[in-house]
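In what follows, a structure is listed as structure tokens, so that the remarks can point back to it.
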Amino acid sequence: MSVIIAPSILSCDFGNLERDFELINQSEADWFHVDVMDGVFVPNISFGFPIISALKKVAKKTIDCHIMIVNPDQFIAEFAKAGVDILTVHYEACTHLHRTIGAIHEAGMKAGVALNPHTPVSVLENVIADLDLVLIMSVNPGFGGQKFIHQAIEKVKQTKALIEKTGSKAIIEVDGGVNLETGKLLVDAGAQALVAGSFVFNSPNPTATISSLKQL
Ligand code: DX5
Ligand code: ZN
């Protein structure tokens, strides 16, 4: 199966959101990657529900929402209402992760867990069976356009081994500093979904760039 490509709308032109949403709709991309930041869990603030609801009205593809916020539990219902399909919370932001995963499923969404670069894959051992997605961060979350942290490749291999050992159906997604070179290394290591922000939207032809990632 070909790799799932999830362009990050964080790198869109916010003065031309509808144009960029349509570009993703018409491209070979599979998902919209939506980065929500609260200025507390990460040192940046992005956007919230009004943007997700606006996207939902026009999106012809899965909405893959990565929330970099503290206390994610309090907003699960609202993310579901806004039209999110896959909701990914950070391991580091959840005291009762098992409960949070259950609440995401009860709200009708698929559940993902993201790991910061310093967090070992082994913390997922007791929840991997319940997960639909594991998001390996290959940058410290908060900003687009950062340098790829190579240790993510080893973490993808470890996640793949954990998934195979447990028979989990979770998809392995990687986020941060993805381009054709790092993307190839990640796919070879077992990544099934790649997020790409600046590499897509800072390129002269985002549609063609998405297409080239899709060939990996
Ligand atoms: C970082 C976000 C990423 C970001 C990726 O905190 O989670 O999704 O948009 O941007 P690039 O692809 O530019 O590293
Ligand atoms: Zn992200």
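The values are calculated or read from the model by the stated rules, or taken from the named source; none is laboratory data. Just so it is clear, the model here is predicted, and its values are computed rather than measured. Note that each Cβ is placed from the backbone with ideal geometry, even for glycine, and that neighbours are counted across all protein chains shown.
Which of the residues that make up region 11-21 are within 16 Å of ligand 2 (Cβ to nearest atom) and farther than 18 Å from LYS60 by Cα?
SER11
For PRO117, which of the numbered conditions (1) touching a strand residue (DSSP E or B) at 6+ places or on another chain (Cβ under 6 Å); (2) of a type outside the set (A, V, I, L, M, F, W, C); (3) surrounded by 19 or more Cβ atoms within 10 Å (Cβ to Cβ) fails to hold?
Of everything listed in (1) touching a strand residue (DSSP E or B) at 6+ places or on another chain (Cβ under 6 Å); (2) of a type outside the set (A, V, I, L, M, F, W, C); (3) surrounded by 19 or more Cβ atoms within 10 Å (Cβ to Cβ), PRO117 misses just condition (3).
Does HIS66 fit the bill of being within 12 Å of ligand 2 (Cβ to nearest atom), at pLDDT 95 or above and over 24 Å from ILE210 (Cβ atoms)?
For HIS66, the condition - within 12 Å of ligand 2 (Cβ to nearest atom), at pLDDT 95 or above and over 24 Å from ILE210 (Cβ atoms) - is not met.
With respect to LYS147, determine if the residue is within 23 Å of VAL36 (Cα to Cα) and out of contact with any helix residue (DSSP H, G or I) (no Cβ under 9 Å at 6 or more places or on another chain).
It is true that LYS147 is within 23 Å of VAL36 (Cα to Cα) and out of contact with any helix residue (DSSP H, G or I) (no Cβ under 9 Å at 6 or more places or on another chain).
Among the numbered criteria (1) within 11 Å of ligand 1 (Cβ to nearest atom); (2) crowded, with 20+ Cβ neighbours inside 10 Å, which single criterion is violated by ILE149?
(2)
Inside region 50-60, can you point out the residues that are within 17 Å of the chain's Cα centre (by Cα), surrounded by fewer than 22 Cβ atoms within 10 Å (Cβ to Cβ) and under 20 Å from GLN74 (Cα atoms)?
The answer is ILE51, and nothing else.
For region 14-39, enumerate the residues that are surrounded by fewer than 15 Cβ atoms within 10 Å (Cβ to Cβ), assigned to a loop (DSSP other than H, G, I, E, B) and away from ligand 1 (no atom under 14 Å from the Cβ). Don't jump to the end; show me each part of the working.
Filtering region 14-39 for residues surrounded by fewer than 15 Cβ atoms within 10 Å (Cβ to Cβ) gives 14-16, 18-19, 22, 25-26, 39.
Imposing the further condition that a residue be assigned to a loop (DSSP other than H, G, I, E, B) reduces the set to 14-16, 39.
Selection gives GLY15, ASN16.
Kindly indicate whether ALA77 is in a helix (DSSP H, G or I) and over 19 Å from ALA6 (Cβ atoms).
So ALA77 fits the description; yes.
Taking only region 159-189 into account, find how many residues are more than 12 Å from ligand 2 (Cβ to nearest atom), among the small types (Gly, Ala, Ser), within 17 Å of the chain's Cα centre (by Cα) and assigned to a loop (DSSP other than H, G, I, E, B).
The number of residues fulfilling the criteria is 1.
Are any of the residues in region 154-176 at pLDDT 95 or above, within 12 Å of ligand 1 (Cβ to nearest atom) and farther than 20 Å from ILE67 by Cα?
The first filter runs over region 154-176 and keeps only residues at pLDDT 95 or above, leaving 154-176.
Of the ones still in play, those that are also within 12 Å of ligand 1 (Cβ to nearest atom) are 173-176.
Those left that are additionally farther than 20 Å from ILE67 by Cα: none.
Looking through region 154-176, none of the residues is at pLDDT 95 or above, within 12 Å of ligand 1 (Cβ to nearest atom) and farther than 20 Å from ILE67 by Cα.
Taking VAL156 as meeting all but one of (1) part of a helix (DSSP H, G or I); (2) of a type outside the set (S, T, N, Q); (3) surrounded by fewer than 19 Cβ atoms within 10 Å (Cβ to Cβ), write down the number of the exception.
Unmet condition: (3).
Any residue that is at pLDDT 95 or above and away from ligand 2 (no atom under 15 Å from the Cβ) - is there at least one of those in region 190-201?
Looking only at region 190-201, we keep the residues that are at pLDDT 95 or above, and these are 190-201.
From what is left, the residues that are away from ligand 2 (no atom under 15 Å from the Cβ) are 190, 192.
Yes, region 190-201 has at least one match.
What are the pairs, 6+ residues apart or on separate chains, where a residue within region 128-150 that is at positive phi has its Cβ under 9 Å from a residue that is surrounded by 15 or more Cβ atoms within 10 Å (Cβ to Cβ) and small (Gly, Ala, Ser)?
GLY145/SER11; GLY145/GLY177; GLY145/GLY197; GLY145/SER198
HIS98 passes all but one of (1) within 16 Å of ligand 2 (Cβ to nearest atom); (2) surrounded by fewer than 19 Cβ atoms within 10 Å (Cβ to Cβ); (3) not polar (S, T, N, Q); (4) not in a loop (DSSP other than H, G, I, E, B); which number fails?
HIS98 satisfies all of (1) within 16 Å of ligand 2 (Cβ to nearest atom); (2) surrounded by fewer than 19 Cβ atoms within 10 Å (Cβ to Cβ); (3) not polar (S, T, N, Q); (4) not in a loop (DSSP other than H, G, I, E, B) except (1).
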